[in-house]
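Have a look at the structure below before the remarks.
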Amino acid sequence: MKREDDRQLWDLLGQARPTEVSPFFARNVVRAIRQRPQRFESLRRLFSPRKIIPATALAAAVIAAMLVMHRPASFHPTDRMPDVVAAIDPQDYDVVADLDELVAADENNPWDDDTQTL
């Protein structure tokens, strides 16, 4: 930018007090950079054994408590409901046999063939 482009800006900049840099500026900047934690230093501190061991113990205790509190229903083969076929009374066998004959007769019905051609 040339001085002629913006005269007011350059006049304002000319009135500003010049700043002086400390002779130890570079040393102070380098010290601040060195004191800053490294990239993974925060993760290293987070996953230190001093914090991981109690956290793991707490997680194991919570999981153990959940397993103790959660009791699934016990499964006994004698407790389950009988199958439908086993629940049929001996008197109903004649009815089931008649139903089987009726279904077989219905499949061989000649009238069904005629209705399909309509």
Item to check | Residue list for segment 12-52, restricted to those being among the acidic types (Asp, Glu) and modelled with pLDDT of 85 or more | outcome: Glu20
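Here is a yes/no grid of residues against (1) basic (Lys, Arg); (2) surrounded by 10 or more Cβ atoms within 10 Å (Cβ to Cβ); (3) in a loop (DSSP other than H, G, I, E, B):
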| residue | (1), (2), (3) |
| --- | --- |
| Leu9 | no, yes, no |
| Val30 | no, yes, no |
| Arg44 | yes, yes, no |
| Arg50 | yes, no, no |
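The values are calculated or read from the model by the stated rules, or taken from the named source; none is laboratory data. This is a predicted model, so every value here is computed, not measured. Using ideal geometry, Cβ is built from the backbone for each residue, glycine included, and neighbour counts are taken over all protein chains shown.
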